[in-house]
Amino acid sequence: MTEPYDALETRAPALREAALFASLPETLKRAVLAPAYAERLRGFDLDKITDREALATLPVLRKAELPTLQGAALPFGGLILNSPGSFARLFRSPGPIFEPEADVPDPWRAARGLYAAGLRRGDVMLNTFSYHLTPGGFIMDSGARALGCAVIPAGPGNTEQQLELIEAYRPIAYCGAPDFLKILLDAADSNGRDITSIRKAALSGAAFPASLRKELSDRGILSCEIYATADAGVIAYQTPSSEGMTVNEDIILEIVHPGTGIPVPAGDVGEIVVTTLNAVNPIIRLALGDLSRVIPGESTSFRTNMRIGGWMGRADQAAKIKGMFVRPEQIAQIGQRHPELARLRLLVTRKNNADCMTLYAETHTQSEQFSEVIGATLYNVTKLKGMVSLVSVGSLPNDGKVIEDQRTYA
């Protein structure tokens, strides 16, 4: 794992910056062929957007805006010129947000991150990200296939079946959420199953606490995190020999003051905004709602791109739970479906290295049966299982907070 994926990773930072911004005007011109971007970027001289200062003058598109934009102009909100039939796959993530997959090799740019995690041609990878409607499974699958790896499309859950697959195919790599790898390891220990073939782990979609990182290391598993979204693909990835996460190539990443789009001073924590140089589906200043910071100084590895401190929380009330975003508007949907409910508050915690969520709901109708009904609605809306606690009307804080994330990370 001491060799680069390609020569792009070792470029002088100034050369990379020059190449990115030399390509940006053409990317912007392709973007404005779509009506929504044409309206957003009206009046800007796109030929002059050739550095970070100029880029920062363009409006920010918030990820939270996408469901509304797309709902008004299905399926892509006027942000993509191409028709759905020109893409390879079409997805629907919670929100709902509709995402297309370009019909090109490694469309989500995942190969580079998996390579940094140690995957090589001929390796077998167990992929436990979902292949159903959301693109997570295909993001990592396409990257591994681009590297020449064989992929077991396992998806999440079905622990016993997963153990059988591991014993049969002896994958060297696990790809998925950290929590589920812990579940597999504990289940193997309890049932005398041999899954010691797994020596590498490419982890994403959930928090990766220091305690679990140490446990994996003690088991001889080299683990690296990958930061990806369904909109922009793989944005940054961890390498074994360097602090933080290295920003992927062909992405312009900014750290801005949350809600403003104004870049923060170097090293300050702010919201991640990404622009992708993608000919088919360009993304212009998409604010992801995730907090991070730029790590100053040179990397201790040979990779020369910008490094960020990884995921450091949310700039809004949305929370990523077990790899899925849950947003305040989804909690509001639950209240709309059940007029008996008053104020709602979703509490997010960690227990036994796993995400947990509990919906507190004010109501005069308090019964176990009604609690089960609300739990079913919670699952239907968020696609995640959670507990429900019915409380008396007026007992929840009147502070405007809909999602309270009490998780802490080392």
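Residues whose amide H comes within less than 5 Å of that of Tyr227, counting only those at least five positions distant or on another chain, are Ile235, Ala236, Tyr237, Gln238 (H built at 1.01 Å from N in the peptide plane).
Normalised by the number of residues in the stretch 104-240, the average gap of Cα pairs under 8 Å and 6 or more apart makes the relative contact order 27 percent. Considering only alpha-carbon pairs that sit under 8 angstrom and 6 or more positions apart, the relative contact order computed for the stretch 321-405 is 35 percent. What are the aspartates and glutamates whose alpha-carbon lies under 12 Å from the alpha-carbon of Lys48, with same-chain residues fewer than 8 places away excluded? Hits, sequence-local ones excluded: Glu26.
Of the peptides 42-53, 106-117, 361-372, 315-326, the ranking by mean beta-carbon count within 10 Å, highest at the top, reads 106-117, 315-326, 361-372, 42-53. Our coupling estimate for the stretch 353-366, obtained by passing each phi through the Karplus curve with A = 6.51, B = -1.76, C = 1.60 and θ = phi - 60°, is 6, 9, 6, 9, 9, 10, 8, 8, 10, 6, 6, 8, 9, 10 Hz, Gly and Pro reported as x.
Taking the alpha carbon gyration tensor of the chain, multiplying each eigenvalue by 5 and rooting it gives semi-axes of 33, 30, 20 Å, largest first. Taking a straight Cα-Cα cut-off under 16 Å and skipping sequence neighbours fewer than 8 places away in the same chain, the lysines within cross-link reach of Lys322 are Lys182, Lys351, Lys383, Lys385.
Please give the peptides 381-391, 82-92 ranked by average Cβ packing (other Cβ atoms within 10 Å per residue), highest first, as a rough proxy for protection.
Packing proxy ranking, top to bottom: 381-391, 82-92.
Computed per residue of the chain from DSSP H runs no shorter than four, each worth -39500 (n - 2.57), the mean residue ellipticity at 222 nm is -8000 deg cm²/dmol.
The phi-based Karplus calculation (6.51 cos²θ - 1.76 cosθ + 1.60; θ = phi - 60°) puts the 3J(HN,Hα) values of the stretch 128-138 at 9, 6, 5, 9, 9, 6, 8, x, x, x, 6 Hz, whole numbers, x for Gly and Pro. The HN-Hα couplings worked out from phi for the stretch 298-314 by the Karplus form 6.51 cos²θ - 1.76 cosθ + 1.60 (θ = phi - 60°) are 7, 6, 7, 9, 7, 6, 10, 6, 3, 10, 10, x, x, 6, 10, x, 10 Hz, whole numbers, x standing for Gly and Pro. In terms of overall dimensions, the C-alpha atoms belonging to the stretch 321-405 reach 34, 28, 23 Å along their principal axes, ordered largest to smallest.
Remark on Arg343: its backbone amide H falls under 5 Å from those of Glu362, Gly394, a criterion applied only to residues 5 or more positions apart or on other chains, H modelled at 1.01 Å from N. For the stretch 285-346 versus the stretch 193-219, the inter-centroid distance based on Cα atoms is 23 Å.
Mean shadow of the stretch 104-240, computed from the convex hull of its alpha carbons, in nm²?
7.5
FYI, it's all coordinate maths here, none of it is from the lab. Everything numeric in this text was worked out from a predicted model, so none of it was measured. Because the Cβ atoms are built from the backbone with ideal geometry, glycine has one as well, and the counts that use them run over all protein chains shown.
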